[in-house]
Amino acid sequence: MSSLQYLFLIMTFGLIVSPDCHSAECHPNVLFISVDDMNDWVGCLGGYAAEVHTPNIDKLAARGMLFRNAHCPAPVCNPSRTAILTGLRPSTTGIYDNGAWWRPALPDVVSLPECFQQGGYLVAGGGKVFHHTPGFNPPEQWNEYFLQVFDDHWHRPGPLDTVPIKGIHWPAGFPLNELPNVRTTKRPPANPKEFDWGAMSKSDREMGDGQMVDWAKRFLMQSHDQPFFLAAGIFRPHLPWYAPKKYFDLYPLDEVELPVVPENDLADIPTAGQKMAEYRGDEWEYLKANNHWRKAVQAYLASISFADAMVGKLLTALEKSPYRDNTIIVLWSDHGWHLGEKHHWHKFTLWEEATRVPLVVNVPNLTKAGHTCDRAVSLIDLYPTLVDLCGLDTPNNLDGQSLLPLLNDPQFQPDRTALITHGRGNHAVRSQNRRYIRYADNSEELYDHRIDPHEWTNLAADTEYGDIKSLLRAQIPVNNAPQAAGKSRYKFDPKSYTWRTKPIKIKP
Ligand SMILES: [Ca+2]
């Protein structure tokens, strides 16, 4: 942050932030909570047709600033998390999917945890913060990390748990041979290991998320002589939707509401959009045909409520800790989820269901209870926001803009927009009232949320909206970085946590 920016902050918000400041007020702790694949089916966001039980997130939102129009940078785990944690858009980095490793592509980028380390913070993380498969979470970023069992068959402990990182924890005695197998479907989808759900007889603490939360609670009970950045990555409601039975019991099957899906909803959408909808859309067709749709929706709701309970345990631990009055709390989800809307199942689209996420920011002595903000904001704004709030130096040319003006006055910046990218050259721009989509082939969609909150009517061809379209189109990046390399170019060695360039095969 420049001296001028410091001056602006002090004059505008009365914050006592200076580069030489060492008090807790200048360097508050940060509890950075993420949930995975949680869309806007959260009580305080009202995205679900019936009651959804998220008392803890609702309580947190009521105590601080709830952003009601927050969007992910990308509707896929790795590109979204990489963008949030580097502060750089997919179109800047070329990280568009789950196959590209960010570290070899961006060797000089300072990640958010590294930025906190450089600022003198103790930096700890657990669970899924970066993408969770091996090679996505370089250990040097953390002073301490809790590796988590992800409650599916896919992410068993492997060579990753031999990574030599100081203070690394592995949940001892976790009943690995009792990983759930309550498979409800027989036909294998694209990823059969995670396409499953069901109520479990486990307690909260026996779940992978419960173990991570227990570790984070222990961290909060300890005495730390530095300010800390604690990232707690909750894996639910990511598939497989396994949760203790009591969370399923919150949603009796005959009371579960299904999303309303107009038969012809894709008729006014360009081919590029229809292809996004179709990607793994056969899973939804399968669910409908086999009477599983309602059960799957129930399992998603149960997983949301389980994740909410994990959030509650973290907040209670903070409340009981010595850090309750000087800790910033941020809660976010990496992207949303379709449960049939637009004839789609999963994420991987540029529509509201896949991009709108919960975002709550609670800053001691700044945010006010009950405040909400309807400006369009992006999770890419979190990096510059935390840099501002914690008096850190900005290492990168960050793509986001700080949320600080909105935390102070939610009515500020009426023209703010959020950019969402899915694959190279496909973008959505969300403003307060509209969504504009432009695919790589220049085809378009436009929705007016004031009259069409479900995005059922594409207005892109309506000449009345020409000026609005131009304004939103101007927010789309001119340059789209080439796709960054992944497994085709690099071999990842989990023991040394390094990537080696594979030799290029020259055809004879
Ligand atoms: Ca995700």
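The values are calculated or read from the model by the stated rules, or taken from the named source; none is laboratory data. What you are looking at is a predicted structure, and each value in this text was computed from that prediction instead of being measured. All Cβ positions, even for glycine, are placed from backbone atoms using ideal geometry, and neighbour counts span all protein chains on display.
From the list 250, 314, 220, 287, the one residue that fits, being among the aliphatic types (A, V, I, L, M), touching a helix residue (DSSP H, G or I) at 6+ places or on another chain (Cβ under 7 Å), over 26 Å from residue 75 (Cβ atoms) and assigned to a helix (DSSP H, G or I), is 220. Exactly one residue among 464, 455 is surrounded by fewer than 16 Cβ atoms within 10 Å (Cβ to Cβ) and not in a strand (DSSP E or B), and that residue is 464. The number of residues in the range 484-508 that are in contact with a strand residue (DSSP E or B) (Cβ under 7 Å, 6 or more places away or on another chain) and part of a loop (DSSP other than H, G, I, E, B) comes to 4. Looking at (1) of a type in the set (A, V, I, L, M, F, W, C); (2) more than 30 Å from residue 234 (Cα to Cα); (3) modelled with pLDDT of 95 or more, which one does residue 289 not meet, given that it meets all the others? For residue 289, the exception is condition (3). The sole residue among 125, 120, 94, 87 that is modelled with pLDDT of 90 or more and either over 24 Å from residue 37 (Cα atoms) or surrounded by fewer than 18 Cβ atoms within 10 Å (Cβ to Cβ) (or both) is 120. Any residue in the range 68-96 that's at positive phi: show its pairings with residues that are of a type in the set (Phe, Trp, Tyr) and away from the ligand (no atom under 12 Å from the Cβ) at Cβ separation under 8 Å, as long as the two are six or more apart or on different chains. Cβ pairs passing all conditions: 87/383. Of the strands (runs of 3 or more DSSP E) entirely within the range 347-448, those holding at least 1 residues that are β-branched (Val, Ile, Thr) and buried (at least 20 other Cβ atoms within 10 Å of the Cβ) occupy 356-362, 418-421, 427-430, 434-438. Once the range 73-111 is narrowed to residues that are among the basic types (Lys, Arg) and more than 12 Å from residue 398 (Cβ to Cβ), the residue that is farthest from the ligand (Cβ to nearest atom) is 103.
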